[in-house]
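The values are calculated or read from the model by the stated rules, or taken from the named source; none is laboratory data. All values reported here derive from a predicted model rather than from experimental measurement. Cβ atoms come from the backbone with ideal geometry, glycine included; neighbour counts cover every protein chain shown.
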Amino acid sequence: MNSPLLQVTDLAKHYPVAGGRTLRAVNGVSFTLRAGEVLGVVGESGSGKTTLGRVVLRLTPPSAGEIVFRGQDVTHLSRRALRKVRRHMQLVFQDPYASLNPRMSVEQILAIPLQVHEPSLGRADRRSRIEEMLRTVGLFAEAADRYPHEFSGGQRQRIGIARALICRPELLVADEPVSALDVSVQAQVVNLLLDLRERLGLSILFIAHDIAVVGMISDRIAVMYLGRVVEIADTLSLFNRPRHPYTEALFSAVPDLGGRRDRILLQGDVPSPVSPPSGCPFRTRCRYAEPDCAVEVPSLVERSPGHLAACHRPELVLASPLSDVAPLPRLR
Amino acid sequence: MSAVAPSAAELPPPVLAAPSAARRPALRRFMRHRLAMFGLVAIIVLVVACALGPYLSPYGPLTIDLRHRFQPPFEGRHWLGSDQLGRDLLVRLLLAGRISLTVGFAAMGLSTAVGVVIGLVAGFYGGWVGTALMRFVDAVLSFPAIFLLLTLAALVSPGVLTITLIVALTAWMEVARVVEGQVRSLRERDFAIAAEAIGVSDAHLMLRELLPNIMAPIVVAATLNVARAILLESYASYLGYGIQPPTPSWGNMLNNAQEYLTSAPWLAIFPGAVITLAVTGFNFLGDGLRDALDPRLDVHR
Amino acid sequence: MTDVLMVEDLAVRFRGESGVVDAVEGVSFRLREGETLAIVGESSSGKSVTALALMRLLGGPPNCVVRGRATFMRQDGEALALLSLPETRMASVRGRDVGMIFQEPMTSLNPVHRIGAQIVEGLLAHERLSPRAAEKRAVALLDHVGIPEPALRARAFPHQLSGGMRQRAMIAMALACRPRVLIADEPTTALDVTIQAQILELIRALQHETGMSVIFITHNLGVVAEVADRVLVMYAGQVVEDAPVDVLLHRPQMPYSAGLIGSVPRLDDVRRRGGRLAAIPGNVPDPNTRPAGCTFHPRCAHARPDPCETARPALEYVSDGHTVRCARWREITV
C-alpha cells in the first residue's frame, strides 16, 4: 500500500490545571492509518483516547507533535485553512442525543455539510443526496422531515453517521459510537459501520472502551493507558498473543456468555493523568510489576513484525482470550 | 452467523410528532404564571392606550387652558385632572408614555444587540480577546448605572435619541455576561463540536448553532432591560438631564409635579403609578419567561 | 429454599398527554433467598418500571396505576403486601429491607452532602444507633465495598469520586442496613468494562457473604451470564421468557432471547474477520403503538402471519422453571 492516509508522530496534548501543574491527556502518541484501514483505539476513561481523536481532527490544537493527513501537514493549519480539510475527515459522537441540534430537522442537519463543502449543489440535488445518504445508513428517506427527538438512540446514531459521511470523507473518527446504546442496537451500528467501510472504502479511527467491540471492527488496535500507546498490533496478533499486561486485563474484563471465569481484576481506577506514577504508568495496577518497573518509562518496542508493546517484562507469556473462551454453541 | 445488515425496510418509521411539541410545555407554563400574565396584560394595555389614546381625547397635550388649572381628578372635564397650565393630565400621561416606552424598547433593542455581539465574540473566541472584552464589561459594570447615566447626560444635549443611546450604554453589560457564559459552555457541547468538525464558518457556528440555543436567557434579559430602561429614563428626566419639556415623559412630569406636591398631589401620583405599573409589568413578564423557558423544567429526554 | 418476594400479575399503566401506555403487563415471578434474578430487555421493555413499581416509586393515580400483588417476606417471617402497604411502612421497607442502586449514582446521591453523611442518615433512619456509632459503621461500609482510604472518602462529596467509586459508595449506602433484597438497575451500564468487572465481582462477593437476593436489571446478556441464576427476558412490557441462566443461554426458545444473545460481542468473534453480529433488526415498538398479535413479530425472522400477527401468545410451559411466550416455539429452532 502507498503512503498512509494519516500519520501521527509524537502527538501530545497538555492542559494546564490548578496549581501550575500539567494534565498530559495525550503524551507522545505515534501511529499511521492506511487508506481503507480501521484502527481501533481502546482504553479506559482517562486514557486520553477521546482527546486523541479530537486532536487528530484538529478540533483542539496539539501541544506537540505532527499530524500529516493526505500528505499535508495539518498540525498548524489556521481555522480557515482547516475548513477545507474538514470535508475529508469527520467525527461520530458517543452521545446521539447531545450531538444533534434539537431545533433542526434531519434535512437541515444533513444539509449543513453540503452547504459548506458543495455550495454549488442545487436544492433538489441536495435533497436527493440527503435521501440517498439516509437510505445508506438504513433509515427511510422520509426521516429527512423529522426532528431528532422523534428517533430512538440507535436511529439517532445513524443520523450522526449520515451527517459525517454525506460529503464522502476519507477518514472517520468514531468516538465511542456504540457505548451509549443497548447491546442489541450496538450490534446494528457495528454492522452498519462494517458495511459502510466495505462499500465506501472508509478509513476509521474507532475509539471505545470495550475491547470485544473494537476487535469486531478493527484491522489493527492501539491500546492506550494514561495518554500513551502501550501496545499496538494487528487485531489477530493482539488477540492471539497480547504482549502487555494491561491488554490482558482488558480482555479479562469483557463479560462472557460462557459465564463466570477466573478474571484478572484491575484494582482501582486509572491514576490521575496530572500525577502519573513514575516509570511504567501501569505498574500500580499491574500484577506482574516489579520494583524496577518504577524506574523508567518503557518505550514501545517491536516484539514481532508490526506488534509493538511498552513493557519492562518482555518474557511474560500472557493469556490470550482465544485460547480459553468457554465453548458455547454458536447461535445461527 | 448470517450477515444481518439492517435495511430501510426493517426499520419501522418513528412516531410522528409535531416539531413544536417540545416547546409547548413552555407556553403552558407561561400561561399558568399569574404574575407574568398580569405583566403581559398591563404592558399591552399601556402600549395600546399610549398609541391610540391621544387621538381619542378632545384635548391636545400642549393645549393650555388657564381657566381650568389644577383641576382635581375624577370631577369635571379632565378624568385625571389638569396641571398648572390647565393641560389634560391623561393625554400628557399617554403621550409621555409613547416617549418613555419608545426609549425603553429602543434602549432594550440596542443594549441587547450590543450585549449579544460582545458576549458572543468574547465567549466564542475566548483567549485574550475574550478576557479583554469581559474585563471591559466588568469595568463598566463597576460604575453605578445612575452615575454613568448622569455623567453621560451632562456631556450631551438631551433628547429622545441621545437619552436612548445613553440608557442603552448603561444596560448592555448584563446581556453580554449572560451570553458569554452560555456560549463558553455551549461551545464545548457535542452539537457545537459537531458543527465545527463539519467545517462551518465561525459566523454560522455562532449565529445558527449557538445563538438559537441561548435565545431564552436573552429574551428574559431583554425583557428585564425594558423595565430598567424605563426606570433609568425616568430618573434622568426627573433629575432634569433627560427628555426636556415641553415634550412630556413620565420622568419629567414627576419633576414638574414636585412644586405642587401638596396642592396638586395627583400630578405626581399618576405618573408615579404608571412608571410602577410599566416597570413591574416588565419585571413580572421577565420572571415568568425565565420560569417558563427554563429547559431544566422540560421533561422530554 | 424460601421465597423472598412473590410478584403476581404486576401491571403498570401510565396516563399521559399522548394517551394511555401499558408499561408493564402481567409480570409474575418469585425471587428465592440468595438468588440473583436478572431482568433483561432493551430500553422501554418495562424492566426498570417493574422494579420501581415494586418499590412504589412511580407516583400515584391518576397518572400511574399499578395493579397486581407483590408479597415480600421479612426476615422475621412477616409477609408484607408491598402494593397496599401504608406509605410510612413502605418507607421503612425501602432502604432497610430492600436496597436499590441505579445506573447513574449521581442521580441518587445528593450532590451537596458528603458521602459519609448520606450513609449515616440512612443508618439513623432505620436503626437505633448513636451518631458516632453510625459514623463508624459508614466508614466500615465504605471500606467493605473496596473504597481506599474510607475515612477520607467519607468526607468527600459525590462529584469528587470517579464513576466506579461513586457506584461503590452507592452500594455501601444500599447495603447499610443489610437488606434482604438488592435491586440493581443497570448498575454498570455507564462504566468502563474494567470497572464493570470490579462492580460485578463486588456484588457477587457481598451476596455470597450476606445471603441476600438480587434483582439485576440490564440490557446486556453478557453481564447476565456473569451474575444471574435465573433470567426474566422482557419485551414491550411483558415477560417473554423465564428460565435458569444456563438454559436460557444454551437453549433459548424465544427468538428475541436468541437475538439478545447473538448481539453480545464476543472476543472470539475476531476469528471471523468481516463477519457481522447477529443484530436484532429494527427497534423496540413505541409503547403507544404496539403491534397486534405477538409484539415481537415485526422483528422476528420466524414470524408467520398466522398466528404471530393475530393472537397475543400466552406464556407456555417448556420445562420445569422454563416458560416462553411464543406461539411457534415447538416448531422453530432458534
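Taking the stated definitions as given, is B:ALA197 under 30 Å from A:PRO113 (Cα atoms), over 14 Å from the mean Cα position of the chain (by Cα) and part of a helix (DSSP H, G or I)?
yes
Per-residue answers, yes or no, for (1) assigned to a strand (DSSP E or B); (2) surrounded by 17 or more Cβ atoms within 10 Å (Cβ to Cβ); (3) facing chain B (nearest Cβ under 7 Å):
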position	(1), (2), (3)
A:GLY65	yes, yes, no
A:VAL68	yes, yes, no
A:ARG80	no, no, no
A:LYS84	no, no, no
A:GLN90	yes, yes, yes
A:ASP95	no, yes, yes
A:LEU100	no, yes, yes
A:MET104	no, yes, no
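Of all residues in segment B:229-258, how many are surrounded by fewer than 24 Cβ atoms within 10 Å (Cβ to Cβ) and either without any contact (Cβ under 8 Å) to a residue 60 or more places away in the chain or more than 17 Å from B:MET108 (Cβ to Cβ) (or both)?
14
Give me a count of the residues in segment A:135-151 that are assigned to a loop (DSSP other than H, G, I, E, B) and more than 7 Å from chain B (Cβ to nearest Cβ).
Initial filter on segment A:135-151 (assigned to a loop (DSSP other than H, G, I, E, B)): A:137-140, A:146-147, A:151.
Still in the running and more than 7 Å from chain B (Cβ to nearest Cβ): A:137.
Summing the residues that are assigned to a loop (DSSP other than H, G, I, E, B) and more than 7 Å from chain B (Cβ to nearest Cβ) in segment A:135-151 gives 1.
Given the criterion surrounded by fewer than 22 Cβ atoms within 10 Å (Cβ to Cβ), part of a helix (DSSP H, G or I) and of a type in the set (Gly, Ala, Ser), identify the matching residue among C:GLY77, C:GLY95. Can you show your working first?
On the way: C:GLY77 fails: part of a helix (DSSP H, G or I).
Exactly one residue qualifies, and that residue is C:GLY95.
Only residues that are in contact with a Leu (Cβ under 8 Å, 6 or more places away or on another chain) and at pLDDT 75 or above: list them for segment B:27-56, please. Steps first, please.
Within segment B:27-56, the subset in contact with a Leu (Cβ under 8 Å, 6 or more places away or on another chain) is B:29-30, B:36, B:39-40, B:42-43, B:46-47, B:49-50, B:53-54.
B:ARG29, B:PHE30, B:ALA36, B:GLY39, B:LEU40, B:ALA42, B:ILE43, B:LEU46, B:VAL47, B:ALA49, B:CYS50, B:GLY53, listed by residue number.
When only residues in segment C:232-247 that are among the hydrophobic types (A, V, I, L, M, F, W, C) and within 12 Å of chain A (Cβ to nearest Cβ) count, which is farthest from A:LEU238 (Cα to Cα)? Write out each step before concluding.
The initial filter retains those residues of segment C:232-247 that are among the hydrophobic types (A, V, I, L, M, F, W, C), namely C:232-234, C:236, C:239-240, C:243, C:245, C:247.
Adding the requirement that they be within 12 Å of chain A (Cβ to nearest Cβ) leaves C:233, C:245.
Values: C:VAL233: 35, C:VAL245: 31 Å.
Only one residue tops the list, namely C:VAL233.
Please go through segment A:21-55 and give me each residue that is in contact with a Gly (Cβ under 6 Å, 6 or more places away or on another chain) and on the phi > 0 side of the Ramachandran plot, ordered by number.
Within segment A:21-55, A:GLY36, A:GLY48 meet the criteria.
For residues that are within 14 Å of chain A (Cβ to nearest Cβ) and not in a helix (DSSP H, G or I), scanning just segment B:242-301, find the one that is modelled with the highest pLDDT. Working first, answer last.
Let us first name the residues in segment B:242-301 that are within 14 Å of chain A (Cβ to nearest Cβ), namely B:293, B:295, B:298-301.
Checking which are not in a helix (DSSP H, G or I) leaves us with B:298-301.
Numbers: B:ASP298: 44, B:VAL299: 39, B:HIS300: 36, B:ARG301: 29.
The residue in question is B:ASP298.
Residues in segment A:22-36: is at least one at pLDDT below 90, surrounded by 18 or more Cβ atoms within 10 Å (Cβ to Cβ), of a type in the set (S, T, N, Q) and under 30 Å from A:GLY268 (Cβ atoms)?
For segment A:22-36, residues at pLDDT below 90, surrounded by 18 or more Cβ atoms within 10 Å (Cβ to Cβ), of a type in the set (S, T, N, Q) and under 30 Å from A:GLY268 (Cβ atoms): absent.
Out of B:ILE64, B:ILE44, which single residue is in contact (Cβ under 8 Å) with a residue 12 or more places away in the chain and surrounded by fewer than 21 Cβ atoms within 10 Å (Cβ to Cβ)?
B:ILE64
Just to be sure I understand, how many residues within segment C:189-224 are within 11 Å of chain A (Cβ to nearest Cβ) and under 14 Å from the mean Cα position of the chain (by Cα)?
The qualifying residues number 8.
Do you know which residues across segment B:64-104 are under 22 Å from B:THR276 (Cα atoms) and assigned to a loop (DSSP other than H, G, I, E, B)?
Within segment B:64-104, B:PRO72, B:PRO73, B:PHE74, B:TRP79, B:LEU80, B:GLY81, B:ASP83 qualify.
Which members of segment A:106-116 meet the condition of being closer than 18 Å to A:GLU142 by Cα and surrounded by 24 or more Cβ atoms within 10 Å (Cβ to Cβ)?
A:VAL106, A:ILE109, A:LEU110
Of all residues in segment C:163-185 being charged (D, E, K, R) and within 18 Å of C:LEU31 (Cα to Cα), which is surrounded by the fewest Cβ atoms within 10 Å (Cβ to Cβ)?
Going through the qualifying residues, I end up with C:ARG178.
Can you pull out every residue in segment C:304-334 that is crowded, with 20+ Cβ neighbours inside 10 Å, among the aliphatic types (A, V, I, L, M) and either assigned to a loop (DSSP other than H, G, I, E, B) or within 14 Å of chain A (Cβ to nearest Cβ) (or both)?
Those that are crowded, with 20+ Cβ neighbours inside 10 Å, among the aliphatic types (A, V, I, L, M) and either assigned to a loop (DSSP other than H, G, I, E, B) or within 14 Å of chain A (Cβ to nearest Cβ) (or both): C:ALA327, C:VAL334.
Quick one: which residue in C:VAL245, C:VAL240, C:VAL270 is at pLDDT 90 or above and surrounded by 24 or more Cβ atoms within 10 Å (Cβ to Cβ)?
One residue alone meets the criteria, C:VAL240.
Just one of the numbered conditions (1) modelled with pLDDT of 90 or more; (2) farther than 20 Å from C:THR210 by Cβ is not true of C:LEU124; which one?
All conditions pass for C:LEU124, except number (1).
If a residue has to be more than 9 Å from every other protein chain (Cβ to nearest Cβ) and not in a helix (DSSP H, G or I) to count, how many in segment A:48-59 make the cut?
Looking only at that region, the number is 2.
Test C:THR50 against the stated conditions and say whether it is in contact (Cβ under 8 Å) with a residue 12 or more places away in the chain and farther than 24 Å from C:GLU87 by Cα.
Against the criterion (in contact (Cβ under 8 Å) with a residue 12 or more places away in the chain and farther than 24 Å from C:GLU87 by Cα), C:THR50 does not qualify.
Any idea which of A:LEU57, A:LEU91, A:LEU52, A:LEU114 is aliphatic (A, V, I, L, M) and more than 30 Å from A:PRO281 (Cα to Cα)?
Among A:LEU57, A:LEU91, A:LEU52, A:LEU114, only A:LEU114 is aliphatic (A, V, I, L, M) and more than 30 Å from A:PRO281 (Cα to Cα).
Do you know which residues across segment C:248-271 are part of a loop (DSSP other than H, G, I, E, B) and facing another protein chain (nearest Cβ under 7 Å)?
C:VAL264, C:PRO265, C:ARG266
Considering A:ILE161, A:ILE130, which residue is of a type in the set (A, V, I, L, M), under 30 Å from C:ASP269 (Cβ atoms), more than 10 Å from every other protein chain (Cβ to nearest Cβ) and part of a helix (DSSP H, G or I)?
Answer to the selection: A:ILE161.
Which of (1) in contact (Cβ under 8 Å) with a residue 60 or more places away in the chain; (2) small (Gly, Ala, Ser); (3) farther than 25 Å from A:PHE31 by Cβ; (4) outside the structural domain of A:GLY43 (by TED's automatic domain parsing) is the odd one out, the single condition A:ALA180 does not satisfy?
Condition (4) is where A:ALA180 drops out.
Write out, first by first residue and then by second, each pair whose Cβ atoms fall under 9 Å of each other, whose residues are 6+ apart or on separate chains, and whose first residue, in segment C:112-131, is assigned to a helix (DSSP H, G or I) while the second is among the acidic types (Asp, Glu).
Within 9 Å, the pairs are C:GLY116/C:GLU135; C:ALA117/C:GLU135; C:ILE119/C:GLU135; C:VAL120/C:GLU135; C:LEU123/C:GLU135.
Go through segment C:11-50 and give me each residue that's over 24 Å from C:VAL247 (Cα atoms), out of contact with any Leu (no Cβ under 8 Å at 6 or more places or on another chain) and not in a loop (DSSP other than H, G, I, E, B).
Matches in segment C:11-50: C:ALA11, C:ARG13, C:PHE14, C:ARG15, C:GLY16, C:GLY19, C:VAL20, C:VAL21, C:ASP22, C:ALA23, C:GLU25.
When you go through B:THR223, B:THR164 one by one, which is the residue that is within 12 Å of the chain's Cα centre (by Cα), crowded, with 20+ Cβ neighbours inside 10 Å, in a helix (DSSP H, G or I) and of a type in the set (S, T, N, Q)?
B:THR223
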